[in-house]
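The structure appears below as structure tokens.
The values are calculated or read from the model by the stated rules, or taken from the named source; none is laboratory data. The shown structure was predicted, so the numbers you read here are calculated from the model rather than taken from an experiment. Here the Cβ positions follow ideal geometry from the backbone for every residue, glycine too, while neighbour counts run over all protein chains shown. When the accessible area is computed, the model is the full protein with side chains, heavy atoms only, and any ligands, DNA or RNA have been set aside. Shrake-Rupley method; radii C 1.70, N 1.55, O 1.52, S 1.80 Å.
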Amino acid sequence: MAVEFFKYFVIAMLALILISLGRALYYLTSRKPDDGVKMVKALAWRIGLSVALFVLLIVAYYNGWIVPNHLAPGYSQ
């Protein structure tokens, strides 16, 4: 149950990262005076979410919530 929740949480985080990137693209192409500030804020959110997801994946690996899939040639258990 917890593994399924973690998978959906990671997918949700990736979706939020893409949404933030899309918002930054919208503000980049817009011509309003204050859109530069909004673009920087959207990109800052994207960076923050990406770092949080990276840290979460590292914590999950060290706590045993996720395990790597060993598909390398010549690997035996």
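Hey, what's the chain come to in accessible area per residue, 1.4 Å probe, Å²?
With the other protein chains kept in place, the chain gives 84 Å² per residue.
Report the Cα centroid-to-centroid distance between region 1-35 and region 41-57 in angstrom, as an integer.
So the two Cα centres are separated by 10 Å.
Quick check on the chain: take the gyration tensor over C-alpha atoms, sort the square-rooted eigenvalues as a ≥ b ≥ c, and tell me if it's rounded (a/c under 1.5), prolate or oblate.
It comes out prolate by the Cα gyration axes.
Within the chain, what is the longest stretch that has no chymotrypsin sites (Phe, Trp or Tyr not before Pro) placed in a DSSP loop and near at most 14 other beta-carbon atoms within 10 Å?
Longest gap between qualifying sites, sites excluded: 1-64.
Tell me, what % of the accessible area of the chain is carbon and sulfur with a 1.4 angstrom probe?
Answer for the chain is 71 percent, counting heavy atoms of protein chains only.
I'd like the trypsin sites (Lys or Arg not before Pro) in region 3-33 restricted to DSSP loop residues with at most 16 other Cβ atoms within 10 Å, sorted by number.
31
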